[in-house]
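Reviewing the structure listed below.
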Amino acid sequence: MDYFIQQLVNGLTLGGLYALIALGYTMVYGVIFLINFAHGEFFTAGGYIGVIALSYCIAHGYTQTHPFLCLAGAFSLAMIYSAYLAVGVEKIAYLPLRGSRLAVLLSALGMSIFLQNGMMLTQGVMDKAYPGELFEGGFSFGMVTISYLQIMIITMTVLLLFGLNRLVYKTKIGMAMRATAQDKTMSALVAIGSNNIISLTFAIGAGLAAAAGVMVGLYYGSVHYDMGFNLGMKAFCAAVLGGIGNITGAMLGGLIIGLVEVFGAGYISGQYKDVFAFIILIGVLYYRPTGIMGENIDETRV
Amino acid sequence: MSAEPILELKDVHSGYGSIKALKGISLKAYPGEILAIIGANGAGKSTTLMTICGIVHPDQGEIFYKGKKINKIPAQKLPPMGLCQVPEGRRIFPRLTVEENLILGAFYRNDRAGIDKDMEHVYSLFPILKERSRQQGGTLSGGEQQMLALARALMTKPEVLLLDEPSLGLAPIIVQSIFDIIADINKNSDTTIILVEQNANLALQTAQRGYVLETGRITLEDDAESLLNNADIRKAYLGE
């Protein structure tokens, strides 16, 4: 039983991180029907900015005096950097090609390779270690250990997901985002500039991924220039599993993939850890081709 | 008619890609009038409205709104200037609630009090929308969707309102009440209305002036009354 609860906590931690990354895929798909292959790189970029900011803080001893400020600073910098990066990528590599869905898709693949190589050249091919001393220790209940880091990750994830939900479903700008996803011509006729909304969608998606990047760095202790591929792929699975284009679906899909992976590794075999996510995906898509919360994906969506 | 047209098209050519739907359209709309544009399927009626609204930009020719050239202005900048369209098929946002649809009509506005007041106003015009305010737009009936589309357009505070086939697919009794409301909107708020219709009889009865559009060209321009009595028109569009 203790083992089960321990795995549950680990699974929720990981699942939350997948959910944060999956949202970027699903939101971008929702507004412009693009699988943004470069999304994993926004996540990695966030991880690198986080480690740079935290290393700076430690070198100057700020982590001793203002640990929370350092953490908040690292998260904000990473999120803002990735958001701008995503908007830049969208303006340069996607916007001019938006007439053809295939062209944008290929451009996204190209941007993924470009950004990944950019990070390799600037940050090196070796792992960059995250400072571990910020979160030492945790709570123990019998055999179950919940580290402070896990608590921070789960809290932060819940706050971000909650914030996003409020933004999308309760504010005027969120309404405009949903309207743009449904009908761009009509949105323009009620004065919504779809290009601005699309930029905003990229920025939000990349910001969430960057936050996940910092947390993954803290959780696994390091970042690597191509970590966006593996995690991005699983987050993409999560988005498809939940029903691509659907925000709640992405959150749900992320949690499911995270839990399945951790339980699969814990009870069946750690060697096949990466396989379980895909098995679940195939199983669900066989019975529900549009995903768990999937909408009818017709071309016009009118 | 008062002197200056509020909207004027001068020899406008427009279309989608290589398909030229409009081959030199010139027309004028005067402040406060209801103008009908009638024509058969594929004559270019909807393209005319989409070109005015900046969704399609003209290849040639000029569009003036309140004396200002608006050819190149992007579509989303026009509603704040008072130019608004209810497109063909109504195009309400199906997965947004009725209320959200209306709020988005006022997307560019920041006058909270004014928006609340206009919301009350459109709810009083269409009480059924108030009853259904929390329902998703896509669950409304055709007639209710048309009311919602009109109400949403009113939330933009239009000075010129373009209506594309408001009667399309609606039961006759509902069509009549929609057209009564259109006439009311024109009368009470002095909104200029450009009405595009296949139902020429109804359109010409509501309008003061009319244009006849055939394969991308204006073939006739006259008072609505004269058009209704024109033998050719009666034969071609009124089924006699």
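FYI, it's all coordinate maths here, none of it is from the lab. None of these values were measured; they are calculated from a predicted model. Neighbour counts run over all protein chains shown; Cβ positions are idealised from the backbone, glycine included.
Some observations on this one:
- Listed residue (A:48, A:215, A:179) projecting farthest to the positive dipole end of region A:12-228, Cβ model: A:179
- The H on the amide N of residue B:85, modeled in the peptide plane, is under 5 Å from the matching H of B:162, each at least 5 residues off or on a different chain.
- Simple rule: put +1 on each Lys or Arg Cβ and -1 on each Asp or Glu Cβ in the protein assembly as shown, find the dipole, and look at B:75, A:277, A:168; the Cα lying farthest toward the positive end is A:277.
- Between residue A:102 and residue B:124, the distance separating the two model label sites (each 7 Å from Cα on the Cα→Cβ line) works out to 5.7 nm.
- Bridgeable lysines around residue A:234 (alpha carbons under 18 Å apart, same-chain partners fewer than 8 residues away excluded): A:273.
- Cα shape, region A:207-302, gyration tensor, a/c 1.5 rule: oblate
- Legend: mean number of C-beta atoms from other chains within 10 angstrom of residue C-beta atoms, peptide B:103-113, equals 3.
- Global geometry of region B:52-91, whether rounded, prolate or oblate, following the gyration tensor of its Cα atoms and the 1.5 cut on a/c: oblate
- Selection of chymotrypsin sites (Phe, Trp or Tyr not before Pro), region A:188-222, meeting DSSP coil and at most 10 other Cβ within 10 Å: none
- Most mobile of A:120, A:215, A:79 in a GNM of chain A (Cα contacts under 10 Å): A:120
- Extended-chain gain in nm, criterion 0.36 nm per residue less alpha-carbon gap, residue A:4 and residue A:274: 95.2 nm
- Note on region A:12-228: Cα Rg divided by 2.2 N^0.38 Å, N the number of residues, gives 1.08.
- When shorter helices are ignored and each DSSP H run of at least 4 residues is given -39500 (n - 2.57), the per-residue value for chain B at 222 nm works out to -10500 deg cm²/dmol.
- Other residues with beta-carbon under 9 Å from the beta-carbon of residue B:38 carry, at +1 per Lys or Arg and -1 per Asp or Glu, a net charge of 0.
- Simple Cβ-charge dipole of chain B, Lys/Arg +1 and Asp/Glu -1, about Cα centre, in debye nearest 20: 760 debye
- Spatial offset of region B:140-184 relative to region B:40-98 amounts to 17 Å, using the alpha carbon center of each.
- Environment charge of residue B:82, counting only residues whose C-beta is closer than 13 Å and scoring Lys/Arg +1, Asp/Glu -1: +3
- Highest mean packing comes first when the peptides A:228-236, B:74-82 are listed by Cβ atoms within 10 Å, giving A:228-236, B:74-82.
- Computed from point charges on the beta carbon alone (+1 for Lys and Arg, -1 for Asp and Glu), the dipole magnitude for chain A about its Cα centre is near 740 Debye.
- Spin-label pair residue B:134/residue A:125, simplified geometry with 7 Å Cα→Cβ offset, distance in nm: 6.1 nm
- The orientation-averaged shadow of the Cα convex hull for the protein assembly as shown, equal to a quarter of the hull surface, comes to 30.0 nm².
- Computed magnitude of the charge dipole of the protein assembly as shown (debye, nearest 20; Cβ of K, R +1, Cβ of D, E -1): 460 debye
- Applying a threshold of 29 Å to the alpha-carbon distances of B:72/B:117; A:184/B:20; A:170/B:72 flags B:72/B:117; A:170/B:72 as lying beyond it.
- Of the DSSP H helices in chain A, those whose Cα atoms cover at least 18 Å axially and whose Kyte score averages 1.0 or more: A:2-32, A:39-59, A:67-89, A:101-123, A:148-170, A:194-220, A:227-242, A:247-263, A:273-287
- Residue separation of residue A:196 and residue A:220 scaled by 0.36 nm, minus their Cα-Cα distance, works out to 5.1 nm of gained length.
- Residue A:290-residue A:92 FRET efficiency (beta carbon distance; Förster radius 41 Å; 0.05 resolution): 0.80
- Taking a ≥ b ≥ c as the square roots of the eigenvalues of the alpha-carbon gyration tensor, region B:95-162 is classed prolate because a/c is 1.5 or more and a/b outweighs b/c.
- Protection proxy ranking for A:45-54, A:92-101, using the average of other Cβ atoms within 10 Å per residue and placing the highest first: A:45-54, A:92-101.
- In straight-distance terms, cross-link reach from residue A:172 covers every one of the aspartates and glutamates whose alpha-carbon lies under 13 Å from its own, apart from those fewer than eight places away in the same chain; here that gives B:99, B:100.
- Reach of residue B:68 by Cα under 24 Å, taken over lysines that are not fewer than 8 positions away in the same chain: B:10, B:23, B:28, B:45, B:77, B:157
- Dipole-positive endmost among B:96, B:115, B:142 within region B:85-240 (Cβ charges, Cα centre): B:96
- J(HN,Hα) series, region B:10-23, from Karplus relation 6.51 cos²θ - 1.76 cosθ + 1.60, nearest Hz, glycine and proline x: 10, 6, 7, 10, 7, x, 10, x, 7, 8, 8, 7, 10, 10
- Cβ-Cβ FRET estimate between residue A:159 and residue B:220, R0 fixed at 56 Å, reported to 0.05: 0.30
- FRET efficiency estimate (nearest 0.05) - Cβ-Cβ, residue A:55 to residue B:71, R0 60 angstrom: 0.65
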